[in-house]
Amino acid sequence: MRDIRKTIHQHPELSCEELTTAAFVHQKLSAIGIRSVRRVADTGLVAEIGSPDTSAIVGLRADMDALPIVEETGLSYASVNPGIMHSCGHDGHVAMLLGAATLLQKMELPGRVRLLFQPAEEKGTGAERMIADDAIKDLSAIFSGHIDTHFETGVITVDEGIICAYADPFSIKMLGSSGHAARPHECKDTIVAAAGLITSLQSLVSREIDPNHAAVLTIGKIAAGETHNVIAGEAHIEGTIRSTHPDARKRMLAGLQRMVQGAASSYQVGAELRFSEPLPAVINNCTAASIARTAAQTVVAEENVISQGRSSLGGEDFSFYLKKIPGCMVRFGAKISDETGSAHSSTFDFDDGVLPIGASWYAKVAQTFLQNHRKD
């Protein structure tokens, strides 16, 4: 699994471009004798283990894509693909699920296990494309896990209910008129308008959202202007809203629309607000979470199976599966040190010791679910 992780880490691919990764995974599945493999969602894979003559099928999902980040870890197996990096642990997720496949091949299963190697989680479209290609057809439940360096290696977090936030990406285009830097009165400066809007948007959470409801609005990108002495006639802003309560989400979306309109009026510019495809919240099914906890307690010490605490404000397209079928996502502790970069940073890394833990949990949760299903 370490070698698999290193190979995938060294050759990362962006969302919807995971062709080399998919071919590598297919090769590894074939090497351990899994022949029931098919391509889905263009760059995703689905494989099955167990008897085909059964109605009980459980799904296990791992995401495969990387991020557009220049790696600065200094690892001997750092990315060789310029500007692309596995900085969220998906390389580890793939290694875990391949490890689980090896374990499952040796187990007596009262049903079937379907392995889902999913593309484009970072883009937020992969799960829906997998669903459209019947990747979860006839599944009774689905399980997944995510590496988390906030927790020590050996810890698995399991929670019922919401564990990841609603995510609402948005973009704003501000249209004014350009001109000479020395004559601003003849122009409509979109940089000043964008700066004013960005600053004022931070009051949405602090002044309009119930303090008991977690929410955040982050601007991740702004682009405007060409040179130092020309006032910009156009500015582009991209950001995201994260929330863990439907009322907070509703207020944030409405507030953003109102404040964009207000900024356009105040600075006498045009403004166009667009929302991209939102991600639903990840809401773990109670029964599935109980099975996930039972499996975790057989893999690590019982005292190391804990709650993650408050819901994360991160987004996860595993939520789309959970809107269709019961399931549960857990977190695998993989902390190296406090100095290691966080997820989505150029210095992100995790403890490889998490790999056998994740693989064992994947295999055990599938077996436990199928055993419970047979009893029912």
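Tell me, please, whether a residue that is at positive phi, in a loop (DSSP other than H, G, I, E, B) and either touching a residue at least 24 places away in the same chain (Cβ under 8 Å) or touching a Gly at 6+ places or on another chain (Cβ under 6 Å) (or both) can be found in the stretch 65-87.
no
Go through (1) assigned to a strand (DSSP E or B); (2) surrounded by 13 or more Cβ atoms within 10 Å (Cβ to Cβ); (3) out of contact with any helix residue (DSSP H, G or I) (no Cβ under 8 Å at 6 or more places or on another chain) for residue 191 and report which single condition fails.
Residue 191 satisfies every listed condition except (1).
Take the residues of the stretch 40-54 that are out of contact with any strand residue (DSSP E or B) (no Cβ under 6 Å at 6 or more places or on another chain) and within 24 Å of residue 105 (Cβ to Cβ): which is surrounded by the most Cβ atoms within 10 Å (Cβ to Cβ)?
Looking at the filtered set, the residue picked out is 51.
Please determine, by comparing only the residues of the stretch 261-300 that are of a type outside the set (Asp, Glu) and assigned to a loop (DSSP other than H, G, I, E, B), which one is nearest to residue 320 (Cα to Cα).
Among residues in the stretch 261-300 that are of a type outside the set (Asp, Glu) and assigned to a loop (DSSP other than H, G, I, E, B), the one nearest to residue 320 (Cα to Cα) is 280.
Can you tell me which of 207, 183, 114 is assigned by TED's automatic domain parsing to the domain that holds residue 48 and among the basic types (Lys, Arg)?
Going through 207, 183, 114 in turn, just one is assigned by TED's automatic domain parsing to the domain that holds residue 48 and among the basic types (Lys, Arg): 114.
In the stretch 236-267, what residues are closer than 13 Å to residue 174 by Cβ and in contact with a Gly (Cβ under 8 Å, 6 or more places away or on another chain)?
Answer for the stretch 236-267, where residues must be closer than 13 Å to residue 174 by Cβ and in contact with a Gly (Cβ under 8 Å, 6 or more places away or on another chain): 238, 263, 264, 266, 267.
Among the candidates 268, 297, 261, which residue alone is surrounded by 14 or more Cβ atoms within 10 Å (Cβ to Cβ), more than 28 Å from residue 65 (Cα to Cα) and out of contact with any Asp or Glu (no Cβ under 7 Å at 6 or more places or on another chain)?
Only one candidate qualifies: 297.
Counting only residues that are in contact with a helix residue (DSSP H, G or I) (Cβ under 8 Å, 6 or more places away or on another chain) and either among the acidic types (Asp, Glu) or not in a helix (DSSP H, G or I) (or both), which one in the stretch 123-140 is farthest from residue 296 (Cα to Cα)?
Ranking the qualifying residues of the stretch 123-140, first place goes to 128.
Please go through the stretch 221-260 and give me each residue that is under 12 Å from residue 204 (Cβ atoms), aliphatic (A, V, I, L, M) and part of a strand (DSSP E or B), ordered by number.
241
Could you grab me the full set of residues in the stretch 1-36 that are in a helix (DSSP H, G or I) and acidic (Asp, Glu)?
If the condition is that a residue be in a helix (DSSP H, G or I) and acidic (Asp, Glu), then 3 is the only one that fits.
Let me spell it out: the conditions are (1) touching a strand residue (DSSP E or B) at 6+ places or on another chain (Cβ under 8 Å); (2) in the same structural domain as residue 150 (by TED's automatic domain parsing); (3) hydrophobic (A, V, I, L, M, F, W, C), and residue 359 meets all of them except one. Which number is the exception?
(1)
Here is a list of conditions, (1) surrounded by fewer than 24 Cβ atoms within 10 Å (Cβ to Cβ); (2) part of a loop (DSSP other than H, G, I, E, B); (3) of a type outside the set (Val, Ile, Thr), and residue 103 meets all of them except one; can you say which number that is?
So the condition that residue 103 fails would be (2).
Tell me whether the stretch 8-21 contains one or more residues that are over 27 Å from residue 74 (Cα atoms), surrounded by fewer than 20 Cβ atoms within 10 Å (Cβ to Cβ) and among the β-branched types (Val, Ile, Thr).
no
Using beta carbons and a limit of 8 Å, which pairs, at least six apart or on different chains, have the first residue in the stretch 189-210 and touching a residue at least 40 places away in the same chain (Cβ under 8 Å) and under 18 Å from residue 267 (Cβ atoms) and the second one surrounded by 16 or more Cβ atoms within 10 Å (Cβ to Cβ) and among the acidic types (Asp, Glu)?
Listed pairs, sorted by first residue: 190/234.
Of everything in the stretch 343-376, what is assigned to a loop (DSSP other than H, G, I, E, B) and either modelled with pLDDT of 95 or more or closer than 26 Å to residue 6 by Cα (or both)? Give them in sequence order.
343, 344, 345, 346, 347, 349, 350, 351, 352, 353
Let me confirm something: among 60, 109, 116, which residue is in contact (Cβ under 8 Å) with a residue 60 or more places away in the chain, surrounded by fewer than 22 Cβ atoms within 10 Å (Cβ to Cβ) and in contact with a Ser or Thr (Cβ under 9 Å, 6 or more places away or on another chain)?
Selected residue: 109, the only one of 60, 109, 116 that is in contact (Cβ under 8 Å) with a residue 60 or more places away in the chain, surrounded by fewer than 22 Cβ atoms within 10 Å (Cβ to Cβ) and in contact with a Ser or Thr (Cβ under 9 Å, 6 or more places away or on another chain).
Which one of these is in the same structural domain as residue 349 (by TED's automatic domain parsing), in a strand (DSSP E or B) and within 18 Å of the chain's Cα centre (by Cα): 170, 143, 151?
Only one candidate qualifies: 143.
The values are calculated or read from the model by the stated rules, or taken from the named source; none is laboratory data. Only a predicted model underlies this, so the values are computations on that prediction, with no experimental measurement involved. Positions of Cβ are backbone-derived with ideal geometry, glycine not excepted, and every protein chain shown enters the neighbour counts.
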